[in-house]
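> Attaching a single structure in C-alpha cells format; questions to follow.
The values are calculated or read from the model by the stated rules, or taken from the named source; none is laboratory data. Predicted model, so just to flag it, every value in this text is computed and none were measured. Note that we place each Cβ from the backbone using ideal geometry, even for glycine, and neighbour counts take in every protein chain shown.
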Amino acid sequence: MGKSDLIGGELWEQYSNKVADRMNNPRHFGVLTEDDAKQLGGRLVIADEGAESCGDTVRLFWIVDPETDIIKKATFKSFGCGTAIAATDMMAEMCIGKTVDEAAKITNLDVEHALRDEEDQAAVPPQKMHCSVMAYEVIKRATSIYRGVDIATLAEADIVCECARVTLQTVEDAIRINDLKTVEEITDYTKAGAFCKSCIQPGGHEKREHYLVDILARVRAEIERERNPDQVQSDFTKLSVVKQIKAIEAALDEHIRPALARDGGGIELEDITPGEDGTVLVHLAYQGSCKGCAGSLAGTLTFVERTLRQEVSDKIRGVVV
Amino acid sequence: MERIYLDNNATTIVDPAVRDAMEPFFCHMYGNPNSLHSFGIEVRPYLHQAMEQLYTGINAADDDDIVINSCATEGNNTVILGFYFNLLKDTRKKHIITTQLEHPCIRESCRYLETHGVKVTYLAPDRDGMITAEAVRGAITDQTALVSVMWANNETGLILPIKEIAEVCRERGVYLHTDAVQAIGKIKVDVQEVPVDFLTFSAHKFHGPKGVGGLYIRNGVSLPPLLHGGEQMGGRRAGTVDVPGMVAMGKAMELANQHLAFEQTEVRRLRDKLEDALLKIDDVLVVGRRELRTPNTVYVSIRGVEGEALIWDLNQNGIAASTGSACASESLEASPILTAIGADKELAHTGVRLSLSRFTTEQEIDFTIYTISKAVMRLRQLSTSY
C-alpha cells in the first residue's frame, strides 16, 4: 500500500493510446473464407480459443502459403473487453508476413510490448494482462491445426503465470537461488503473480494448475531438508544419544518454543528412551502456562509431535511427563 | 462532448437546491453543534430541521432513532458487528440470514463474523432474481438472531418483498435489517408500514452529497455504537456531526419524497422507453419484470456483446453506464444475478446496467438508444458469437 494505491479504481486511464485506438478501430477484424484463400493461393486456417462463459473468446483466421508457410493474411473475431480486442488485433497484424513457425513464437508479452506508446510504459494495467493471453493461445491453436499436430506438442514448459509467462522452473530457481520466503518476494524477482493474480492461490480469476503458495511451500521444505543433513530422517535412530538430544533441542528451539512462548508456555526435554518397533520415545515436560492446560495434553502434544517428526525423525513419539 | 449520466445507482448528481442548503455551513455557520457558545447554538435549529425532514422522509416515529453517520457502509457494519457484540457473542443465538444479492459491506462483515463462530446463511435469489419471504421463513431457526435483506437491488432494480419478510421476522421474533440505499428516492419507504428494526441509507444515492448517511433504529432495540467516544447522536455514534452533510441529506430526503410521483411517472416512462428500444434488438434479455423494479433501472444482457466492451463504446460517446462483468476483477465472479435467473453461461459477461434519475432528459434517452444500437452493431460484427 501507499499513496498511489489508496484511491484505486483506475483501469481505462492506464490503457495506451494504441490499445484505445485499436479497440475503437480494429484493423484486422473480419472473416476469411475458402474463396479468399483460393484467390490468394493459400490454405485457410480457422482457430477458436476461449469460452464466452469465461469472459472472452477469439477466432483467428489465417491464409497460409503452403509452399513457404508464410501467413499472407490474418483476421480475427472476438468477444471480449477492449484489451482483448486490441491485443487480438495487434496479434493478427504481427502474424502477417511471418512463417507459421515464426508466428508460433509470438507471445502475449510481445503483443503487449507492441501496444506500448512508450518503451517503458505498460500498455495495459496489471489486472488486464490476462486478457491478452488468449491472443497468444489462439496462435498455438492455429499452428497445431495447420501442422495437423496435437496442441499439446506445442506446449511450453509448465507455465505458472500466464500473464508474465513465467515457468515452474523459473519460479523454483528464483526461490532457491535467492532464498525467497514469501510470495511477494517471488513476484518481485520473477513478475509471476504481478498481474491478474490468479496463480498466487486458488480462488482467483481462473483456475490454475500450479499456485505460487504451493510451489513456495514445497521448495522451502526441500531447502530445509537439504540444509539440515543432520536431521536426515533415516539416520536419526543411529545417532548417539547426545546427537539425538541436540537435534531435538534444535528443533524445539527453532520451531516449537517460539510458538508456545506466544501463549506464555514452554517445553523441556526430559529423556529419550527406545520404544517399540524402532521408535524413539521423547519425554517432554510442559512449562509455564502450558502446564496443567487441558489443551496441552491433546492439541499441543499433536503439534509438538508432528513438528518433531517432520523436522527430526518420523520415528519420534511424544510422551508428556 | 455533452455527457449523459446513466449510472445513478452508483451515485447521483447533487441537486443544486441541496448544495444551496448546505453552503452556509462551510464559511458562515461553521460552529460545532456540541459547543455551548453562539457558534454552536446557531447551528442546532438546522440539525433539528434536517432530523424532521429525515423522520418524515421514512415516516419514523419520534421515539425511533435515525443516527447520522458517514454512509450506508458504516451503517451496515454498525448493525452487523453491533449484533455480534450485543447478542451473538454471548448467547446461543449464533445465526444470521442474509442474501447473495447484498452489497459487499454486508457480505464481508458477515464473513468476518463467521471467523468468530457466527453461522451465516446467504440466500440465493430465485429464478426471478427475488428473495421470497418463504425462503427467509425456511432459513430461520431458533438460533437465528438477525435477518438482513436489501429493500431494492442495485444491479437489477428488483424490489424485494420486504414487507412480507418483515412480517415473517416479527412472527418468528427475529430482528430485521434492510439496506434501503437503492430504495430511498425511487419508491416509498415507510418504516411504520414495513416494520423493520434497522434501515440504512446513503445521501449520495438520492441527490445528496457523498460521505453522509443514516441508520434507522426502531425504538427499544439496542445496538452498541461502532464509533465510541462522544455524546453525539445520543451516544449511538461518536464523532462531530457533519453539519453541512446532515443538512444536505435532510434537504435531499425532502426533495426525494416530493419527487416520488415524478419517479413513478416520468422517470419510469423514460426508462420504459429505453427498455422497449433495447428489447427491439435481437437476442436481448432484461432481468426482472419491470413492474417489480425501481422505476429508474434496467439491467440488460445482449448476446455476443461483452459488458465492458459495450461500456467502453458508450463512454466513447459520452454515456456513463456500468457492468457486472468481472473481466477486470481479481476474482472470476460473473454476475450472480444472471446465473440465478438461469440465463445461459454465454450471457454471464454481457450484463450492463443503465440507471436514470429525475435529471435524465428525453433527448438523453433518445441519444442513448441510438448509440447503444450502433455499438451493438459494431461489437456484434467483431464478435465470435454473432
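> Condition first: farther than 15 Å from residue B:143 by Cα and assigned to a strand (DSSP E or B). Now tell me which residues in the stretch B:102-124 satisfy that.
Correct list: B:122, B:123.
> For the stretch B:198-211, enumerate the residues that are touching a strand residue (DSSP E or B) at 6+ places or on another chain (Cβ under 7 Å), under 18 Å from residue B:78 (Cβ atoms) and either among the aromatic types (Phe, Trp, Tyr) or surrounded by fewer than 24 Cβ atoms within 10 Å (Cβ to Cβ) (or both).
B:198, B:201
> Does the stretch B:106-116 contain at least one residue that is under 30 Å from residue B:13 (Cα atoms) and free of Cβ contacts under 8 Å to residues at least 24 places away in the same chain?
Yes, the stretch B:106-116 contains at least one residue that is under 30 Å from residue B:13 (Cα atoms) and free of Cβ contacts under 8 Å to residues at least 24 places away in the same chain.
> Shifting gears a bit: Quick check on my filter: what residues within the stretch A:202-230 are within 12 Å of chain B (Cβ to nearest Cβ) and either touching a Lys or Arg at 6+ places or on another chain (Cβ under 9 Å) or acidic (Asp, Glu) (or both)?
Hits for the stretch A:202-230 are A:202, A:204, A:205, A:206.
> Kindly indicate which of B:242, B:283 is more than 14 Å from chain A (Cβ to nearest Cβ), of a type outside the set (Phe, Trp, Tyr) and either surrounded by fewer than 23 Cβ atoms within 10 Å (Cβ to Cβ) or in contact (Cβ under 8 Å) with a residue 60 or more places away in the chain (or both). Give the steps one after another, and end with the answer.
Numbers: B:283 fails: more than 14 Å from chain A (Cβ to nearest Cβ).
One residue alone meets the criteria, B:242.
> Could you please find all residues in the stretch B:344-374 being of a type in the set (A, V, I, L, M, F, W, C), farther than 17 Å from residue B:293 by Cβ and either buried (at least 22 other Cβ atoms within 10 Å of the Cβ) or at pLDDT below 95 (or both)?
B:347, B:348, B:372
> Here's a check for you: in the stretch A:59-91, which residue that is among the aliphatic types (A, V, I, L, M) and within 14 Å of chain B (Cβ to nearest Cβ) is farthest from residue A:110 (Cα to Cα)?
Once the filter is applied, the top-ranked residue is A:60.
> Collect the residues in the stretch A:188-201 that are within 14 Å of chain B (Cβ to nearest Cβ) and polar (S, T, N, Q), keeping them in residue-number order.
A:198, A:201 - these are the residues of the stretch A:188-201 that are within 14 Å of chain B (Cβ to nearest Cβ) and polar (S, T, N, Q).
> Which residue out of A:200, A:223 is closer than 28 Å to residue A:124 by Cβ, at pLDDT 85 or above and not assigned by TED's automatic domain parsing to the domain that holds residue A:311?
A:200
> Something else about it: Quick check on the stretch B:89-99. Is at least one of its residues at pLDDT below 95, out of contact with any Ser or Thr (no Cβ under 6 Å at 6 or more places or on another chain) and under 23 Å from residue B:219 (Cβ atoms)?
Yes: one or more hits.
> So which residues in the stretch A:50-65 are farther than 12 Å from residue A:142 by Cβ and either modelled with pLDDT under 95 or touching a Ser or Thr at 6+ places or on another chain (Cβ under 7 Å) (or both), if there are any at all? Spell out how you get there, then give the answer.
Restricting attention to the stretch A:50-65, the residues satisfying the condition of being farther than 12 Å from residue A:142 by Cβ are A:50-57, A:65.
A:50, A:51, A:52, A:53, A:54, A:55, A:56, A:57 - these are the residues of the stretch A:50-65 that are farther than 12 Å from residue A:142 by Cβ and either modelled with pLDDT under 95 or touching a Ser or Thr at 6+ places or on another chain (Cβ under 7 Å) (or both).
> Which residue, of B:168, B:136, B:147, B:189, is crowded, with 16+ Cβ neighbours inside 10 Å and in a loop (DSSP other than H, G, I, E, B)?
B:189
> Is it the case, given these coordinates, that residue A:56 is in contact with a Gly (Cβ under 7 Å, 6 or more places away or on another chain), of a type outside the set (A, V, I, L, M) and either surrounded by fewer than 22 Cβ atoms within 10 Å (Cβ to Cβ) or within 11 Å of chain B (Cβ to nearest Cβ) (or both)?
Answer is yes for this residue.
> Find the residue count for the stretch A:36-49, including only residues that are within 30 Å of the chain's Cα centre (by Cα) and either free of Cβ contacts under 8 Å to residues at least 12 places away in the same chain or within 15 Å of residue B:386 (Cα to Cα) (or both).
Qualifying residue count for the region: 1.
> Condition first: assigned to a helix (DSSP H, G or I) and in contact with a strand residue (DSSP E or B) (Cβ under 8 Å, 6 or more places away or on another chain). Now tell me which residues in the stretch B:216-244 satisfy that. Steps first, please.
First, pick out the residues of the stretch B:216-244 that are assigned to a helix (DSSP H, G or I): B:232-235, B:243-244.
Within the stretch B:216-244, B:233, B:234 meet the criteria.
> Return the residue satisfying two criteria in turn: it lies in the stretch B:287-316 and is closer than 27 Å to residue B:206 by Cβ, of a type outside the set (Lys, Arg) and part of a loop (DSSP other than H, G, I, E, B), and of such residues it is farthest from the other protein chains (Cβ to nearest Cβ).
Looking at the filtered set, the residue picked out is B:295.
> Could you list, in sequence order, all residues of the stretch B:56-75 that are touching a strand residue (DSSP E or B) at 6+ places or on another chain (Cβ under 7 Å) and among the β-branched types (Val, Ile, Thr)? If you could, list the steps in order and put the result at the bottom.
The initial filter retains those residues of the stretch B:56-75 that are touching a strand residue (DSSP E or B) at 6+ places or on another chain (Cβ under 7 Å), namely B:58, B:60, B:64-72, B:74-75.
Matches in the stretch B:56-75: B:58, B:66, B:67, B:68.
> When you look at residue A:47, is it away from chain B (no Cβ under 14 Å), at pLDDT 95 or above and either more than 30 Å from residue B:347 (Cβ to Cβ) or not in a loop (DSSP other than H, G, I, E, B) (or both), yes or no?
Judged against the criteria, residue A:47 is not a match.
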